[in-house]
Amino acid sequence: MPAKFKQSERKYARTSFGRRIDSQGAKKQWTHYWLKGQSVETLIDAINSDRTKPKHKQKFRNELARRGVKLMWVMPDGTQIEKDRRALAAWYERGAK
C-alpha cells in the first residue's frame, strides 16, 4: 500500500442546514490523502513545520527525492547550499557563520 500523508476521512452528504443525511450508499465517500497526490509546496511546508515528527519528515523528503526535487538550505548569511553533508562541511570549512 502506498504511503499516506495523513489519515483518510469519511465525508458525509449534508443538507442545506448542515445536518447529515442518514442514507446508505453514495452519500458516504472516503477521501484518501496519499503522499504521491500532495503538492510539492504542501510537502515542503510539512518538512519545515516544527510540529512534524522526524519520521514523517524523512518520508516527505524521500517523496521529494523520488520526484527529483532538490532541497536547499538557506544559511544565516543568505547563501543557499544543496542539502548535502558534504556541501554543509564545505560551507563550515570556508569559515562562514
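None of the figures in this text is laboratory data; all of them are computed from the coordinates on show. Because the structure is a prediction, the values reported are computed rather than measured. Note that each Cβ is placed from the backbone with ideal geometry, even for glycine, and that neighbours are counted across all protein chains shown.
List the chymotrypsin sites (Phe, Trp or Tyr not before Pro) within the range 8-97 that DSSP assigns to loop and that have no more than 10 neighbouring Cβ atoms inside 10 Å.
Passing both the DSSP loop test and the Cβ count: Phe17.
Taking 0.36 nm per intervening residue step and subtracting the Cα-Cα distance, what contour gain separates Arg61 from Val40 on full extension?
Taking 0.36 nm per residue and subtracting the Cα distance, the gain is 6.5 nm.
Relative contact order, percent, of the chain when contacts are C-alpha pairs under 8 Å separated by at least 6 residues?
18
Diagonalise the Cα gyration tensor of the range 48-97 and give the resulting equivalent ellipsoid semi-axes, square root of 5 times each eigenvalue, largest first, whole Å.
Three semi-axes, in Å: 23, 13, 10.
Regarding the chain, what are the three Cα extents along the principal axes, ordered largest first, in Å?
Each principal axis gives a Cα extent; for the chain these are 67, 30, 19 Å.
How high is the FRET efficiency from Met1 to Gln80, r the C-beta distance, R0 41 Å, rounded to 0.05?
Once rounded, the FRET efficiency stands at 0.70.
Rounded to the nearest 5, what is the percent of antiparallel bridges among the DSSP beta bridges in the chain?
Looking only at bridges with both residues in the chain, the antiparallel portion is about 100 percent.
Please get the size of the charge dipole for the chain, origin at its Cα centre, with Cβ charges of +1 on Lys and Arg and -1 on Asp and Glu, quoted in debye to the nearest 20.
For this selection, approximately 580 debye.
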